[in-house]
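Contents: one structure, followed by commentary.
Taken together, the values in this text are just the output of simple stated rules run on the coordinates, not laboratory data. Remember, it's a predicted structure, so these values are computed and weren't measured experimentally. Don't worry about glycine lacking a Cβ; one is built from the backbone with ideal geometry, like all the others, and counts go over all protein chains shown.
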């Protein structure tokens, strides 16, 4: 069967030419409406460039606007930029009732990309919640959420399906998936996710033939398919690791997802006994929970505070212990599944997996009947999406750094940009080829946007508009 991008099956949600959310149509990173220029840089192929505050969020587009978020000093903003000139049309400050301390510098307070319906824009900030603005910057509604229990910060971005705004809020305690009426800000449904802990994947959409639309979300230990109308979980796939960062890619009735965790080792699950047995052997004061002093395993003791005591009580209770057991069963792998059915499809929907050269953050790319992954260090791999066979693997010479953006593709080319601003343009195909490496002269963690003959790239301090015809 062919591997068409699933976003094309969502005429009411996105059209193929739109780039209205993180990574474009249904987070696939694919368009055929606009190309990718071969040569570009701070002084080459530039239509305009505009200084913008720091932020990790990616630009999203309407017919005449660019929306993005950023942080300036201690203040959080949503920006509207004129697509033709690069002029900042307005900026609106978000409330910041708290300042979450983020333990790793790789993340920041404005990592979630906004989403637009072509007119209004919807932004999420971990230090406040959701905000909706009209095209002139007038606030439509706001929804305070949190505070969130995620020491590494937030990563998931909001998405739209018709009039429904969807927001995933995975954290160490109290994870949930939220559906909101985009026009009123009223909650349509809220699905608690008790198994999920800190997670960073953005939800994606799937339309089964003859069935109701679904929302897919990858998180701790499972990837779930929810009914878009009700929030009811329809099916799930088990054995995912603890922290999930890349966003899955839906292609036809298949889903490709990559999960990588140093904690995942299926061969070790038997060394974590049931909680009752652990209490019997370790709970010296018989209070029904385990203190750090009562832990014997040096590996467990070493990770007690940062990774195991999820609710920060100073003890391991039953939920903490259960997730330790789950972690030992998680699989680090690139996997392919056929979507369908109800309940647990871990075995029934499985197609293939590959456990080598796995990305930590970048999402996979399904393009022109080839699947691609991008690993830290500039390791790029192409796969046969039907079998998982590796077709070609190699390093992107001249762009060997760390990667946080996800690959995008258009008109036979693929673009990847390293954290230090090395932008590699590849010829797409099973035997992909590096055509050119450009230097942006600035850091980059945001995923570029493509539309109407232009490419929009956000670096640490600049927003660029590049011509795409060459």
_Suppose only helical runs count, i.e. DSSP H with n ≥ 4. What mean residue ellipticity at 222 nm does that imply for the chain under -39500 (n - 2.57) per run, divided by all residues and rounded to the nearest 500 deg cm²/dmol?_
-1500 deg cm²/dmol
*Using the 2.2 N^0.38 Å rule of thumb for compact globular proteins, work out how the chain stacks up: its C-alpha Rg over that value, please.*
0.95
_Rounded to whole Å, sorted largest first: equivalent-ellipsoid semi-axes of segment 279-376, Cα gyration tensor_ = 38, 17, 11
*Report, for the chain, the % of DSSP beta bridges that are antiparallel, rounded to 5.*
95 percent
*Compare the peptides 146-159, 230-243, 285-298 by average per-residue count of other Cβ atoms within 10 angstrom and give them in order, highest first.*
146-159, 230-243, 285-298
*Would you mind ranking 384, 253 by Cβ crowding within 10 Å, fewest neighbours first?*
384, 253
*In what sequence, highest mean first, do 386-397, 193-204 appear when ranked by Cβ atoms within 10 angstrom?*
193-204, 386-397
*Would you please state which residues of segment 97-118 a label at residue 54 would reach in this model, taking the label point 7 Å out along Cα→Cβ and a backbone N cut-off of under 17 Å?*
99-112
*Separation between the residue 119 and residue 64 pseudo-spin-labels, each 7 Å from Cα along Cα→Cβ, expressed in nm?*
1.4 nm
*Cβ-Cβ FRET estimate between residue 43 and residue 99, R0 fixed at 25 Å, reported to 0.05*: 0.10
*Any chance you could give the angle, 0 to 90 degrees and rounded to 10, that helix 318-327 forms with the longest Cα principal axis of the chain?*
60 degrees
*asked:* At 7 Å along Cα-to-Cβ for each site, give me the label-to-label distance between residue 318 and residue 303 in nm.
replied: 2.3 nm
*Could you sort 56-69, 427-440, 94-107 so that the peptide with the highest average Cβ count within 10 Å comes first and the rest follow in order?*
56-69, 427-440, 94-107
*What nm value, rounded to one decimal, do you get for the distance between residue 173 and residue 386 when each label is placed 7 Å out toward the C-beta?*
5.1 nm
*asked:* Could you tell me how far the Cα centroid of segment 168-211 sits from the Cα centroid of segment 414-465, in Å?
replied: 30 Å
_Can you give the log10 of the normalised intensity I(q)/I(0) at q = 0.15, 0.22, 0.23 Å⁻¹, computed with Debye over equal Cα scatterers of segment 396-465?_
-0.44, -0.95, -1.03
